[in-house]
Amino acid sequence: MVLTLTEKGEMHMSQWESLQMDVKIHGILDVESRTPDHHFGRPFLTPYQIAIAFRERYPEEFRQIGKPVGGRGTGQHDSLAQYIALELSRRIRADQLTNVEGRFLHRRYLRTLQYEDVGDLIESSLMRDFDLSMFRRLD
């Protein structure tokens, strides 16, 4: 658990901690390959897929975070998908999250990735500039 000091010197738990995001994301990453017991193991999910699933499963927590799912054309540079990717990456690097692994999907030859979100299409916003992160459970 990470506690920080507020301006008044009070101990404060981060929003990630207070919403138990590690547990919720772990549950979202609990997906199986279409082929049971495939030697590749569990499939990876992009931060967009995780963010869409989070919004669907945890609408109150989604509202509390106050960020859009993300994607091209949202008009915001701080999306839920970015927040999730950044926090997962930080926690994996700090060995605070040992049952999740992250990798990159190389952007070469990719034009776009689109996701369906309640009938709307979300398009990855940084496909031409950055490799896309993706995550999966290790167990």
5 Å is the cut-off here: which amide hydrogens, built 1.01 Å from N in the peptide plane, fall below it relative to V69, excluding neighbours closer than 5 in sequence?
L80
Given labels modelled 7 Å from the Cα in the Cβ direction, how far is it in nm from S18 to A94?
1.7
Taking 25 Å as R0, compute the FRET efficiency from the Cβ-Cβ separation of E56 and R34 and round it to 0.05.
0.75
Choose one of F44, Y109, L121: the residue whose Cα lies farthest towards the positive end of the charge dipole of the stretch 18-137 (beta-carbon charges +1 Lys, Arg; -1 Asp, Glu; about the Cα centre).
Y109
Rounded if a/c is under 1.5, else prolate if a/b beats b/c, else oblate: with a ≥ b ≥ c from the C-alpha gyration tensor eigenvalues square-rooted, which is the stretch 18-137?
rounded
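Read-outs: derived from the displayed coordinates by stated rules, not from any lab. Here the structure is a predicted model, which means the values were calculated and not measured. Reconstructed Cβ throughout: ideal geometry from the backbone, glycine too, with neighbour counts over all protein chains shown.
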